[in-house]
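A single structure is presented below for examination.
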Amino acid sequence: MYWADKLGFLVWGESASAQYFNEKAVDRVTEEWKEIVRRDYNHPSIVTWVSFNESWGIPEVQRNTRQQYYSQALYHMLHALDGTRPVISNDDWEMTVTDICAVHHYRHGEMDEPEQ
């Protein structure tokens, strides 16, 4: 983070995701997020916190209310820990609540097929 601050890079604060969604993962990821925000709060290069990316760690969030509640809980916890930055609950896929609607488009640069 030091070099991002020094060189003027803008970064999104993210965390590794759990492999599975279960009670142990909820506890560990929640604690890890508390540590991340406390550690990195004063880095001006961080412009947003991203609690999940593409549903990693919450693979059934579209249908599973427990995973939806957890995504929402982390969103609110991150705002409680840092009220100065926007928070993205689940970047790109199956957003539950978010301050930034980000879309991942992986076909960038591909040419469309010509119409016949």
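The values are calculated or read from the model by the stated rules, or taken from the named source; none is laboratory data. Please read these numbers as outputs of a predicted model, since none were measured by experiment. Don't worry about glycine lacking a Cβ; one is built from the backbone with ideal geometry, like all the others, and counts go over all protein chains shown. SASA here: full protein model, heavy atoms, side chains in, ligands and nucleic acids out. Shrake-Rupley method; radii C 1.70, N 1.55, O 1.52, S 1.80 Å.
Anything in the range 60-96 that is more than 24 Å from Arg38 (Cα to Cα) and either in contact with a helix residue (DSSP H, G or I) (Cβ under 8 Å, 6 or more places away or on another chain) or open to solvent by less than 60 Å² (accessible area, probe 1.4 Å) (or both)? List them, or say none.
Of all residues in the range 60-96, those more than 24 Å from Arg38 (Cα to Cα) come to 60-68, 92-96.
The answer is Glu60, Val61, Asn64, Gln67, Gln68, Asp92, Thr96.
If you scan the range 1-53, which residues turn out to be in a loop (DSSP other than H, G, I, E, B), modelled with pLDDT of 95 or more, crowded, with 17+ Cβ neighbours inside 10 Å and of a type outside the set (Ser, Thr, Tyr)?
Result: Phe21, single match.
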